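Peer 1: Quick one: the structure is below, and I'll ask about it shortly.
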Amino acid sequence: MRALVAVGELFGFAEGTVRTALSRMATAGEVDADNGRYALGERLRKRQASQDASRRPPPNRWDGAWWIAHVVAEGRSVGDRREFRARMRDAHMGELKPDVWLRPANIAGPEPSADVLLTRGSIEDRDPVELATQLWDLDNLRHTGKRLRRAADHALTSLAAGDASVLPDTFMTSVAVVRYLLADPQLPAELAGDGWPAIELRGTYDELERAHGRVLSDFLAQAMTGT
């Protein structure tokens, strides 16, 4: 708890605010509390697993096949629809139209379920590059990725001095990179084109994580000893 309070104060949160937030997160099942120690709850562990998966580059080879998910269930509730869209996004599927999602089959497809017809095969009457452009705003993703690469490089430079006061800003840069990698469709090179920014950003994020770990460890060592 002392370490979490110290980090919270570094980020501008009072001790009482940190303790209240942790209590509410524990009640909501977002963290598991055990004698002053906290670990991520099941839902956040699943989110972390998804984030970790987004940091791994997709396979280089693609045989031209696509995953196609088509909803076959009727009378779904709003909650069911939201859950389905979340599943499709987690699987990096693109929405062609309501209840029809697809993506290149260079990575694993979404988990099969009774409410979705999932098929894998070729698409004969569409140019694959044009189809990818229809499913995702690739120009915006490319622009955003390049901007984040510059921001990440700046964050690494800031962390190099070992000053913990930069952690709030550099941490937010890391958050933005993670969100970008989660949104990255993980397209094969044939569709993404040369110089796709997510490729370099994955390596840069690994560097950021290590740099954050070093600076945060030094900060916590000082905070716990009162030096």
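The values are calculated or read from the model by the stated rules, or taken from the named source; none is laboratory data. From a predicted model like this one, the values you see are computed outputs, not experimental measurements. Reconstructed Cβ throughout: ideal geometry from the backbone, glycine too, with neighbour counts over all protein chains shown.
Peer 1: What are the residues in region 153-211 that are in a helix (DSSP H, G or I) and of a type in the set (S, T, N, Q), if any?
Peer 2: If the condition is that a residue be in a helix (DSSP H, G or I) and of a type in the set (S, T, N, Q), then 157, 158, 165, 170, 173, 174, 204 are the ones that fit.
Peer 1: Would you pick out the residues in region 193-227 that are farther than 17 Å from residue 163 by Cα and among the acidic types (Asp, Glu)?
Peer 2: Matches in region 193-227: 194, 200, 206.
Peer 1: For region 33-135, list the helices (runs of 4 or more DSSP H) that sit wholly inside it and hold at least 1 residues that are in contact with a Gly (Cβ under 6 Å, 6 or more places away or on another chain); which are they?
Peer 2: 128-135
Peer 1: With the requirement that a residue be under 25 Å from the mean Cα position of the chain (by Cα), more than 21 Å from residue 219 (Cβ to Cβ) and of a type in the set (Gly, Ala, Ser), what does region 1-32 give you?
Peer 2: 26, 28, 29, listed by residue number.
Peer 1: In this structure, is residue 82 outside the structural domain of residue 196 (by TED's automatic domain parsing) and loosely packed, with under 14 Cβ neighbours inside 10 Å? Give the steps one after another, and end with the answer.
Peer 2: Values: outside the structural domain of residue 196 (by TED's automatic domain parsing): yes; loosely packed, with under 14 Cβ neighbours inside 10 Å: yes.
Yes.
Peer 1: Check whether at least one residue in region 148-171 is outside the structural domain of residue 6 (by TED's automatic domain parsing), touching a helix residue (DSSP H, G or I) at 6+ places or on another chain (Cβ under 9 Å), closer than 29 Å to residue 66 by Cα and of a type outside the set (A, V, I, L, M), and report yes or no.
Peer 2: No: region 148-171 contains no residue that is outside the structural domain of residue 6 (by TED's automatic domain parsing), touching a helix residue (DSSP H, G or I) at 6+ places or on another chain (Cβ under 9 Å), closer than 29 Å to residue 66 by Cα and of a type outside the set (A, V, I, L, M).
Peer 1: Have a look at 73, 39 and point out the one that is touching a Lys or Arg at 6+ places or on another chain (Cβ under 9 Å) and small (Gly, Ala, Ser). Explain how you work it out, then say what you get.
Peer 2: Details: 73 fails: touching a Lys or Arg at 6+ places or on another chain (Cβ under 9 Å).
Being touching a Lys or Arg at 6+ places or on another chain (Cβ under 9 Å) and small (Gly, Ala, Ser) holds for just one of 73, 39, which is 39.
Peer 1: Same structure, new question: Kindly provide the set of residues from region 120-146 that are at pLDDT 95 or above and in contact with a strand residue (DSSP E or B) (Cβ under 6 Å, 6 or more places away or on another chain), ordered by number.
Peer 2: Those that are at pLDDT 95 or above and in contact with a strand residue (DSSP E or B) (Cβ under 6 Å, 6 or more places away or on another chain): 120, 135, 136.
Peer 1: Tell me which of these residue 53 doesn't satisfy, since it passes every other one: (1) touching a residue at least 12 places away in the same chain (Cβ under 8 Å); (2) closer than 21 Å to residue 177 by Cα; (3) surrounded by 12 or more Cβ atoms within 10 Å (Cβ to Cβ).
Peer 2: (1)
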